[in-house]
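*Asks:* Take a look at the following structure, please.
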Amino acid sequence: MSRKTVRSVDPLSRPQLRVVQGDGSQPTEPPPERADATDALAKILIDAFGDRALFLFHRRLAGQSGDLPIIAVTPSGVHLIEPRSYPGKKVRACRDGSTFVIDGVRHTRIAEQMQQHAEALQATVSTGPIPDADVHSSYCFVEGELPLRPLEVGGVRVLSVRSTLRRLRAGGSLDERQVEALHRDLSRRLVRS
């Protein structure tokens, strides 16, 4: 009787597999991952303002769900900015201006969510060190085809990156200490998401 020997397979001796796309003649690199709209806008804002504006990214109220993507504190007040990216798609509002229509498809949840976030941020600011500070909210489309005329959805301005930068550069009544106090208060009360 012959006894067959079973050889153990060394996992390191396995052949290296390579995934190729196309006809297999040349391997292709995977496409670079597209950056999140919030991350892309955050980089632009930090590069443009440095420490002249104070920012909070990806925050939420304790005990509540929902991400407040970008909050900027400037002399003109507190700005809630909702970055959006729809590359190559037409961005419009429905006839009554209550919801987005993106490439012909209605997106009702976007405006509802913004209203909830804006109300929550307004309530937070009104119980802080400067309760009468202005709170502004806007959408910022990093990518997407916006109309040439001004656009509002649910009473909130829809801006390009350039218009967002211009809005944040606008002067206001808050001095440097007030801006810092507002930022410090919001950073304590809004937890990271």
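The values are calculated or read from the model by the stated rules, or taken from the named source; none is laboratory data. Because the structure is a prediction, the values reported are computed rather than measured. Cβ atoms come from the backbone with ideal geometry, glycine included; neighbour counts cover every protein chain shown. These area figures cover heavy atoms from the full protein model, side chains too; ligands, DNA and RNA do not enter into them. Shrake-Rupley method; radii C 1.70, N 1.55, O 1.52, S 1.80 Å.
*Asks:* Considering only region 122-137, I want to know if a residue exists there that is surrounded by fewer than 15 Cβ atoms within 10 Å (Cβ to Cβ), out of contact with any Phe, Trp or Tyr (no Cβ under 9 Å at 6 or more places or on another chain), under 20 Å from residue 84 (Cα atoms) and of a type in the set (Val, Ile, Thr).
*Replies:* Among the residues of region 122-137, not one is surrounded by fewer than 15 Cβ atoms within 10 Å (Cβ to Cβ), out of contact with any Phe, Trp or Tyr (no Cβ under 9 Å at 6 or more places or on another chain), under 20 Å from residue 84 (Cα atoms) and of a type in the set (Val, Ile, Thr), which makes the answer no.
*Asks:* Next up: Within the group 81, 110, which residue is open to solvent by less than 40 Å² (accessible area, probe 1.4 Å), modelled with pLDDT under 95, of a type in the set (A, V, I, L, M, F, W, C) and closer than 19 Å to residue 150 by Cβ?
*Replies:* Selected residue: 110, the only one of 81, 110 that is open to solvent by less than 40 Å² (accessible area, probe 1.4 Å), modelled with pLDDT under 95, of a type in the set (A, V, I, L, M, F, W, C) and closer than 19 Å to residue 150 by Cβ.
*Asks:* If you scan region 58-78, which residues turn out to be at pLDDT below 95 and surrounded by fewer than 18 Cβ atoms within 10 Å (Cβ to Cβ)?
*Replies:* Of everything in region 58-78, those that are at pLDDT below 95 and surrounded by fewer than 18 Cβ atoms within 10 Å (Cβ to Cβ) turn out to be 58, 60, 61, 62, 63, 64, 65, 66, 67.
*Asks:* Now, a different point. For region 84-165, which strands (runs of 3 or more DSSP E) that fit wholly inside it have 2 or more residues that are of a type outside the set (A, V, I, L, M, F, W, C)?
*Replies:* So the answer is 105-107, 135-145, 156-160.
*Asks:* Of (1) over 20 Å from the mean Cα position of the chain (by Cα); (2) in a helix (DSSP H, G or I), residue 172 satisfies all except one. Which?
*Replies:* (2)
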